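**Q** Input: one structure, supplied below.
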Amino acid sequence: MSFGLIQLMEKSQVAQVSSRVQHLLQPFSPHLEASFSAWKDPFDPIHNTNGYINFAVAENKLSVDLLLEKLKHCRDIPGSVLGYDDMRGSEPFRKQIANLLETYFFHRSVDADGIFCCAGAGCALDLLFNCLLEEGDGVLLPAPYYPGFIHDIEGRARCKPVIVEPTGNHFRFQLADLDKKLSECHQSGQPVKALLLCSPNNPLGFVFSREELENIVSWTRQNGLQLIVDEIYGLSVFSKSSKMVSIGSVLEHLGNDVHFVWSFSKDFCMSGLRAGVIYSENMEIRNALRFLPYFCGVSGDTQFALTKVLSDSEFVQSFIRENTNRLYETYRVHCDCLDKMGIPYVPSEAGFFIWMDCNKYMSSRTFENERAIWQSLFEKAKVVVTPGEVCQSTQPGWFRCCFSAASPEAAKVAWNRVEQVMSSLSVSKNDPESTRM
Ligand SMILES: Cc1ncc(COP(=O)(O)O)c(C=O)c1O
């Protein structure tokens, strides 16, 4: 082979992808691979009783039937839907979303000009990080967190997640934890420009109170930080004694430094339709966002159907009521099973998750043992959960269970399998460390 040809081959091997995406060239983590293989062999109570039961993907399968029925009457598209429209989302779509936010989140008027539609909440976060922050800027992210946030922060905007370790009860962070992290960053020279909050919280299932949100906003303002609040589970508050408190209802104006994110993926069980929302009052961000959704807009067909869904306010109200009832009932089924098995968990009031402590199956609290448990659950019980390690849990042994991803009947089968597999593993405890709740 000639020298020239070798040189050419080497060049073509080196130059396959740009430097911008080099950091994405890593394999999926084992727990994501596990979810993909579980999808290929799903549990069915009649046709595949030995299939996988997947509680690792944040989806709500409990109310899909209600939406499928409704969508049957919402897809009679006119020809205009096939053409270009406002890249932020069509006017009727943004007006309906503004109306939804006014009624269920902000409890005050919402300007449809501040609404930007794009392909999901992940996309909304990516757009905001790109518009608000420079490459390398830090985003404070309280742990344990939704693992996808890392990708949303780093993937394209090339910002840096700065993990805040919680010291409060039930893994809740306190302002002192934010202070501590921020001063560490000041000392190390890491610039920090934003705080990302998730309420209702994935994975802990709590809703921030009004007072907590007020204190957090004062804190971010004192420190000159942007605040991004992801309220993607805002209509999925299922506890009878809890209420959603949106950042939009706490602040009369969001101002230039507070930005709201929501999506149809969770509260309307439509993660496949890819429809997310940004609401911002920052005029420069509004101007920048007039152009960017061109790259990641919601299809005209989907906008048309969702406009029709939202314009039926009676349907929306009864759907939210029925969906939250189903979430509550399914949550209770899981709690009963966990109680019987003696697995402690953080009580949840909203969203799709139970944060549970499997320390009783571990000889000692290590991430190595946590991985071994996860492996047994996946391979032997064919039950998939998310290991706390990927949510950056500060304590090994915790797992996230997305209880809305399967029916209550499947839940009973799953916990039965888990109990059988786990009781066959003999655990000799040498670490009496108590659970921190
Ligand atoms: C807190 C949170 N934000 C954003 C997303 C991504 O949502 P979407 O599918 O709308 O991009 C998820 C998905 O699990 C989530 O849990």
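**Q** Would you mind finding the one in G255, G224, G297 that is outside any helix (DSSP H, G or I) and free of Cβ contacts under 8 Å to residues at least 24 places away in the same chain?
**A** G224
**Q** If you go through region 274-281 one residue at a time, do you hit one that is within 16 Å of the ligand (Cβ to nearest atom), assigned by TED's automatic domain parsing to the domain that holds R108, touching a residue at least 12 places away in the same chain (Cβ under 8 Å) and open to solvent by 50 Å² or more (accessible area, probe 1.4 Å)?
**A** Looking for residues that are within 16 Å of the ligand (Cβ to nearest atom), assigned by TED's automatic domain parsing to the domain that holds R108, touching a residue at least 12 places away in the same chain (Cβ under 8 Å) and open to solvent by 50 Å² or more (accessible area, probe 1.4 Å), one finds at least one in region 274-281, hence yes.
**Q** Tell me, which strands (runs of 3 or more DSSP E) lie completely within region 107-207 with 2 or more residues that are touching a residue at least 12 places away in the same chain (Cβ under 8 Å) and either charged (D, E, K, R) or more than 15 Å from the ligand (Cβ to nearest atom) (or both)?
**A** 138-142, 160-164, 192-198
**Q** A follow-up question, please. Sort out which residues of region 317-352 are on the phi > 0 side of the Ramachandran plot and open to solvent by 10 Å² or more (accessible area, probe 1.4 Å), and write them in order of number.
**A** Once the filter is applied, which keeps residues that are on the phi > 0 side of the Ramachandran plot and open to solvent by 10 Å² or more (accessible area, probe 1.4 Å), region 317-352 yields only G342.
**Q** List the residue pairs whose Cβ atoms are under 7 Å apart, where the first residue sits in region 70-90 and is assigned to a helix (DSSP H, G or I), the second is at pLDDT below 95, and the two are 6 or more positions apart or on different chains.
**A** none
**Q** If you don't mind, there's one more thing I want to ask. Report yes if G234 is within 14 Å of the ligand (Cβ to nearest atom) and either at pLDDT 95 or above or among the acidic types (D, E) (or both), otherwise no.
**A** It is true that G234 is within 14 Å of the ligand (Cβ to nearest atom) and either at pLDDT 95 or above or among the acidic types (D, E) (or both).
**Q** Do we have any residue at all in region 258-269 that's touching a residue at least 12 places away in the same chain (Cβ under 8 Å) and open to solvent by 50 Å² or more (accessible area, probe 1.4 Å)?
**A** No, every residue in region 258-269 fails to be touching a residue at least 12 places away in the same chain (Cβ under 8 Å) and open to solvent by 50 Å² or more (accessible area, probe 1.4 Å).
**Q** Still on this structure, I have one more. Against the definition (open to solvent by 70 Å² or more (accessible area, probe 1.4 Å) and either closer than 20 Å to V316 by Cα or within 16 Å of the ligand (Cβ to nearest atom) (or both)), how does E59 come out, yes or no?
**A** So E59 fails the test.
**Q** Spot the failing condition for L213; the list is (1) surrounded by fewer than 22 Cβ atoms within 10 Å (Cβ to Cβ); (2) more than 16 Å from the ligand (Cβ to nearest atom), and only one is missed.
**A** (1)
**Q** Confirm whether G300 is closer than 30 Å to L82 by Cα, outside the structural domain of F55 (by TED's automatic domain parsing), open to solvent by 10 Å² or more (accessible area, probe 1.4 Å) and in contact with a helix residue (DSSP H, G or I) (Cβ under 7 Å, 6 or more places away or on another chain).
**A** yes
**Q** Restricting to region 394-412, name every residue that is within 16 Å of E329 (Cα to Cα) and outside any loop (DSSP other than H, G, I, E, B).
**A** C401, C402, F403, S404, A405, P408, E409, A410, A411, K412, listed by residue number.
**Q** Looking at region 353-367, can you tell me whether even one residue there is of a type in the set (S, T, Y), open to solvent by 10 Å² or more (accessible area, probe 1.4 Å) and at pLDDT 95 or above? Can you show your working first?
**A** From region 353-367, those of a type in the set (S, T, Y) are 361, 363-364, 366; that's our starting set.
Add one more test, that the residue is open to solvent by 10 Å² or more (accessible area, probe 1.4 Å), and what stays is 361, 363-364, 366.
Still in the list and also at pLDDT 95 or above: 366.
Scanning region 353-367 turns up at least one residue that is of a type in the set (S, T, Y), open to solvent by 10 Å² or more (accessible area, probe 1.4 Å) and at pLDDT 95 or above.
**Q** Looking only at region 66-87, decide whether some residue is under 24 Å from Q226 (Cα atoms) and either of a type outside the set (K, R) or outside the structural domain of C391 (by TED's automatic domain parsing) (or both).
**A** no
**Q** Within region 239-273, how many residues are within 17 Å of S199 (Cβ to Cβ) and within 16 Å of the ligand (Cβ to nearest atom)?
**A** The qualifying residues number 11.
The values are calculated or read from the model by the stated rules, or taken from the named source; none is laboratory data. Being a predicted model, the structure only gives us computed values, none of them experimental. Ideal geometry is used to build each Cβ from the backbone, glycine not excepted, and the neighbour counts take in all protein chains shown. Accessible surface is based on the protein model in full, side chains and every heavy atom, while ligands, DNA and RNA are left aside. Shrake-Rupley method; radii C 1.70, N 1.55, O 1.52, S 1.80 Å.
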